[in-house]
1. Being of a type outside the set (Val, Ile, Thr), open to solvent by 10 Å² or more (accessible area, probe 1.4 Å) and assigned to a strand (DSSP E or B) is the filter here, so list the residues in segment 93-115 that pass it.
2. Anything in segment 546-592 that is aliphatic (A, V, I, L, M) and open to solvent by less than 10 Å² (accessible area, probe 1.4 Å)? List them, or say none.
3. Could you please give the count of residues in segment 456-495 that are open to solvent by less than 30 Å² (accessible area, probe 1.4 Å), out of contact with any helix residue (DSSP H, G or I) (no Cβ under 6 Å at 6 or more places or on another chain) and part of a loop (DSSP other than H, G, I, E, B)?
4. When both residues are 6+ apart or on different chains and their Cβ atoms are under 7 Å apart, which pairs have a first residue that lies in segment 580-606 and is in contact (Cβ under 8 Å) with a residue 60 or more places away in the chain, and a second that is in a loop (DSSP other than H, G, I, E, B) and basic (Lys, Arg)?
5. Among the residues of segment 100-111 satisfying the criterion of being in contact with a helix residue (DSSP H, G or I) (Cβ under 8 Å, 6 or more places away or on another chain) and at pLDDT below 95, which is farthest from Val211 (Cα to Cα)?
6. Scan segment 576-583 and tell me whether some residue there is over 17 Å from Ala286 (Cα atoms) and either within 33 Å of the chain's Cα centre (by Cα) or at pLDDT below 95 (or both).
7. Does Ser393 count as out of contact with any Gly (no Cβ under 6 Å at 6 or more places or on another chain) and either at positive phi or of a type in the set (Gly, Ala, Ser) (or both)?
8. Give just the number: which of (1) under 16 Å from Ile617 (Cα atoms); (2) touching a Lys or Arg at 6+ places or on another chain (Cβ under 9 Å); (3) without any contact (Cβ under 8 Å) to a residue 12 or more places away in the chain does Tyr552 not satisfy?
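The values are calculated or read from the model by the stated rules, or taken from the named source; none is laboratory data. These numbers come from a predicted model, not from an experiment. Cβ: placed from backbone, ideal geometry, glycine included. Neighbour counts: every protein chain shown. Ligands, DNA and RNA are stripped out before the accessible areas are found, and what is left, the full protein with its side chains, is counted by its heavy atoms. Shrake-Rupley method; radii C 1.70, N 1.55, O 1.52, S 1.80 Å.
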Amino acid sequence: MADAGHRRGERSRGPSRSRRAPRATPPRDPRLRDRRGVVHPQRRVRVLLLGVFVVFSLFAAQLVRLQGLDAATVSAAAIDGRLREATIPAARGTITDHDGTPLAESVERRHITADPLAVQEYTKVVDGDRVTVGAAGAAADVAEVTGSDPAVLEQRLTADPSSRFTYLVKDVSPKQWQDVRRLGIPGLHAEEYRKRTYPLGESHAPVLGWVGSGDEPAGGVELVVDDVLTGTPGRRVYEQGGAGQEITTGFSEEEPAVPGHDVTLTLDSDLQWYAYDAVKQRVEEAGAVSGYAIVTNIEGEVLALASYPSFDPSDSSQDASDMRNAAIEDAYEPGSTGKVMTAAALLEQGLVEPETPIVLPSGRLPRGGTTFKDAHDPEDDIYRTFAGVLATSSNMGTILAGEDIEDQVLYDYMRRFGMGETSGLGLPGESPGLIWAPQNWSRTTKYTMLFGQGLTSNALQQHGVFQTIANGGVSVPPTLIEGTTAPDGTVTPRERATGERVIAEETAQTLTTIMENVPSASGTAPLAAVDGYRVAGKTSTASRVDPRTGRYSGVTSAFVGYAPAEDPQYVVSVTIQRPTRISQWGGTIAGPVFSDIMRYTLQEHGVPPSDTESPEIPLVYDPDRRAPGHPKGVTLGDIAIKDERDGE
């Protein structure tokens, strides 16, 4: 009973929780899971396939967008990333002489550059095997072609192996670059540039100037007409590959450079060299400091403008202070060539005639608190005409003839002859010289100026005095530019300068007649004569101021003249600074060089020899002879200009 009751009690409490029947679940496909409940492989594959399909769908959509909708934009961006721009140098205009001989021209050259990182991969066949030779091998091969030092090239390639740029070899010819290029060295490229060359070197350098670093002109014609010579650079755009090479089939666009205009000078290159060589030889023979030679025609066109010492315009290592044109930059006291200006002023003012008698003092002439003398003692020949005073270059005679001219009148004539201002040639660095105005004169200034000291000028200014006289008294500014030629061949001649009359034609002719006696046996420069031609000119032996000390040291020896005297065509001046051998006199030192250059000039330009004789003009007089135009009994000695002052 108990058991029965117990069982009834159990039934009355209901079934226990642990034995409760599981909930009903939907039937499961036995193919999807294995007995352990793991996902079946087929389902995993389906999921993966679905994911791949989604990814590829995204790629496809992007591809459609890039190639369809945004193709142009993406393509342009890719090209932009590869585009490089290079400047095409413009050829600088050529400078030629009047016959078209090149004096300065630009030639095509190359700078070889390198990518050191790429060069490390350089390989070549050695003993039948291709091996990596890198920077050392590249340096050796490039050096063999260019003549460079292989050790230097290797150092440039290895100084910074991670660098992507360095200049390997500068200034090589296009052919050398092509030979280097054929070596197949990776990472080598070339920059194109134009190098300025001067075929005639030192003989023309001071006139032409030079082009220095950065293509900047300095000095001479190069600087004066830089705006004409300079062209307009071009531009080239191209695609570059990852290794730095140009993609030849890629995009390319070029805007060509426009070259500069050519400039034609009045220079005669043969004459320029001849004059330079003649001066060089004389400076060396005489142990002098320097020398200049200038040749112009009477219209002022410069055919030669030579200075020695000179410089090599292609040598960039030189000190710029030595690269100068001394013929226009050096200012010095002209000396006796300046007496020609005094003579012109006195003749123009009617204060003297060529035959005016003058008595030269014996010994010295006291003036202005000091005394003056002649280079040669006139004791044996004191009775000279004014023509004789000029022909024999007497300081004392010039003072006696000119001391009564008004100070302002003398100053004005010297200014009209170009003293105290640049010549007008236009070359940089020209000195204007110095001439004091009368209000600033000392007691001796006027007397020294009368015979060419106490003022300074350059060689071209002094040359211009004689050009004026040779041209019948009309001064024409010197010129060096004949014209320009555009890239299309259009020629533009220079504008002709108008002349300015300085003295009367009659005065100029009188001075010519007087100066024909200078290069003669009776004058101071017989060595300046030119066989077959009548020559007029003047010597000078002036005290020279040493620019370093400011004191007189040595002399300046010069001769300036023109020929043929009966129909002047060319003017030549030669100046030698501080000769220490042979002689100091202008007629002896500069006269022979003048003769040589003038002879060459006349013959080169086909000027026929003179067929007339020089007019006779008395250089001395008889003091007892009756004075023409005066009462009987009045002699030339009575009317002669003589020292009648107390020395002031």
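1. Correct list: Pro102, Glu105, Ser106, Glu108, Arg109, Arg110, His111.
2. Passing the criteria: Ala558, Val560, Ala563, Ala565, Val571, Val572, Val574, Ile576, Ile589, Ala590.
3. Qualifying residue count for the region: 4.
4. Nothing qualifies.
5. Looking at the filtered set, the residue picked out is Arg110.
6. For segment 576-583, residues over 17 Å from Ala286 (Cα atoms) and either within 33 Å of the chain's Cα centre (by Cα) or at pLDDT below 95 (or both): absent.
7. Yes; evaluated as a whole, the condition is true for this residue.
8. (1)
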